[in-house]
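Worksheet for the structure shown next.
The values are calculated or read from the model by the stated rules, or taken from the named source; none is laboratory data. This structure is a prediction, so every number in the text was calculated from the model and none was measured. Cβ placement follows ideal geometry from the backbone for every residue including glycine, while neighbour counts extend to all protein chains displayed.
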Amino acid sequence: MIINPAGQDYYKKQVELAKICGVSEGTISNWINKAKDSKNLLQLIEIKDRFYIAKNEHNISELKKLTEEATNYQNIVYKDIYPKEELYDTLSESQTISLINSLKTKGTAPCKFVFMGNGAEKWDKLYSKIHNSDNYGSPTKRYLFEKTINFFEEYISKFDSVIITDLGCGNFKPAKPLLEKIEKSGKLDKYICIDISKDMIEIAKTEFSKDFDENKFVGHVLDLELHSTEEALLKQKNNAKKSVNILLMFGGTIGNIENQVKVFNHIKDGMHPEDLLMIANAYDEIDRRTVFPAFDFEEGFAHVSHAACMLNIDKGVSIVEKIYNSNTTAREVNLIIKENIKINFTRYNDSINIKSGESINIWKHKRDTFELVSNKIRESDMELQFIVKHPTEAQMLYVARLA
Ligand SMILES: C[S@@+](CC[C@H](N)C(=O)[O-])C[C@H]1O[C@@H](n2cnc3c(N)ncnc32)[C@H](O)[C@@H]1O
């Protein structure tokens, strides 16, 4: 089928597409000829009497189907890939098996694993790199913080002691301004970090201890997608004092989570009725969907590709793709595999075959809108207390409590 070329991206060189699909250039020409005769479903664009395959989601799935059909006739050879020992040293047995299952069923390496082991240091390096950048970072966060602080100061004035719980704490730095305010008021009881990565908690502890009493630091290694916060949080309150827990989830952590309502329920398990949950995430604006400023830095790519790096999938066998996927309404970083590979998990006697042209998702992030926030907070049986968006930057912050 021939479609209107206006605004459509397309595969400019057949040789590149042949490489991505793992077929010959002749096969690509053949597919184009068949598409002209409506013998396959590829959408073509005609430019100066030449026909090109449009680069869109429809064609990605059609190309996948055609590639499968073509390679089924071939005697397929797979390049053996062996994950680094680092993978087995960093992830627990169940995390590794869950990673293998996720690769097999969804073609995804869950991005939560990129913060583990050495990945914690990689995140810290990226954070330092972008902290003062205009694209992402502190002036915007400061603006949102200033907008919220009056609400908080008034709220906190009703309590004698305050716990801050940082959900997905990163390196502690984003939580520091709020902790400084509370410490100054003499009400800071403790700072609790909950994170999937023990190495991240160590970094947060070191940073926290530079300015605060180390005895006020509590760390819990916990995967919020899998586990409730009840055990870690409910018993932490100082019963002798009127106290409140302010739970933070900063840095767009919520946007990386597939089932956000499930995570909210795990968080709610650890909340008392008076506690507040404060979330910061990027705001969804159409013209910023395909911009990935953090990953333009070398440090950004090192961070986002940490799990792929442990799997030993490097640029030699893959091409990086950064897209907005309208099916999942998420921004994604994918690795398109350039040649047939077989990932051998010898420790677990398992393997995965991935054909050339198939892709592995290594990062997925959903931005928020006012509507999305109010829907998911309602679905989680919480009440929205406060919501603010930066007037020009695509960042928002919202506060909720138990309904
Ligand atoms: C994008 S970083 C944000 C860090 C920090 N809050 C900030 O604003 O810079 C995400 C953090 O959440 C943690 N994390 C990601 N998925 C998690 C999960 N399922 N359970 C617990 N922590 C998780 C990561 O280890 C990391 O520290």
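Given the structure, is residue 110 closer than 29 Å to residue 225 by Cβ and not assigned by TED's automatic domain parsing to the domain that holds residue 244?
The answer is yes for residue 110.
Could you grab me the full set of residues in the stretch 252-271 that are in contact (Cβ under 8 Å) with a residue 40 or more places away in the chain, in a loop (DSSP other than H, G, I, E, B) and surrounded by fewer than 19 Cβ atoms within 10 Å (Cβ to Cβ)?
Answer for the stretch 252-271, where residues must be in contact (Cβ under 8 Å) with a residue 40 or more places away in the chain, in a loop (DSSP other than H, G, I, E, B) and surrounded by fewer than 19 Cβ atoms within 10 Å (Cβ to Cβ): 258, 269.
Would you be able to tell me the number of residues in the stretch 109-129 that are within 9 Å of the ligand (Cβ to nearest atom), part of a helix (DSSP H, G or I) and not aliphatic (A, V, I, L, M)?
7
Limited to the stretch 168-211, what total is found for residues that are more than 16 Å from residue 122 (Cβ to Cβ), among the hydrophobic types (A, V, I, L, M, F, W, C) and more than 7 Å from the ligand (Cβ to nearest atom)?
9
Going through the stretch 89-108 one residue at a time, which ones are outside any helix (DSSP H, G or I) and either at pLDDT below 95 or in contact with a strand residue (DSSP E or B) (Cβ under 9 Å, 6 or more places away or on another chain) (or both)?
107, 108
If you go through the stretch 184-197 one residue at a time, how many are without any contact (Cβ under 8 Å) to a residue 40 or more places away in the chain and either crowded, with 19+ Cβ neighbours inside 10 Å or in contact with a strand residue (DSSP E or B) (Cβ under 7 Å, 6 or more places away or on another chain) (or both)?
Number satisfying all stated conditions: 5.
For residue 135, are the conditions met, namely being modelled with pLDDT under 95 and either in the same structural domain as residue 309 (by TED's automatic domain parsing) or away from the ligand (no atom under 13 Å from the Cβ) (or both)?
yes
With the requirement that a residue be near the ligand (Cβ under 10 Å from one of its atoms) and not aliphatic (A, V, I, L, M), what does the stretch 235-280 give you?
If the condition is that a residue be near the ligand (Cβ under 10 Å from one of its atoms) and not aliphatic (A, V, I, L, M), then 250, 251, 252, 253, 255, 256, 258, 266 are the ones that fit.
Which condition from (1) assigned to a loop (DSSP other than H, G, I, E, B); (2) out of contact with any Cys (no Cβ under 7 Å at 6 or more places or on another chain) is the one that residue 372 breaks?
Condition not satisfied by residue 372: (1).
Please determine whether any residue of the stretch 325-339 is more than 26 Å from residue 103 (Cα to Cα) and outside any strand (DSSP E or B).
Within the stretch 325-339, none of the residues are more than 26 Å from residue 103 (Cα to Cα) and outside any strand (DSSP E or B).
Considering only the stretch 18-52, state which residues are under 32 Å from the mean Cα position of the chain (by Cα) and at pLDDT 90 or above.
Passing the criteria: 42, 43.
Can we say residue 231 is more than 14 Å from the ligand (Cβ to nearest atom), out of contact with any Pro (no Cβ under 7 Å at 6 or more places or on another chain) and within 29 Å of residue 98 (Cβ to Cβ)?
yes
Within the stretch 204-247, can you find the residues that are touching a Gly at 6+ places or on another chain (Cβ under 8 Å), in a helix (DSSP H, G or I) and surrounded by 16 or more Cβ atoms within 10 Å (Cβ to Cβ)?
Residues satisfying the conditions are 204, 205, 232, 233.
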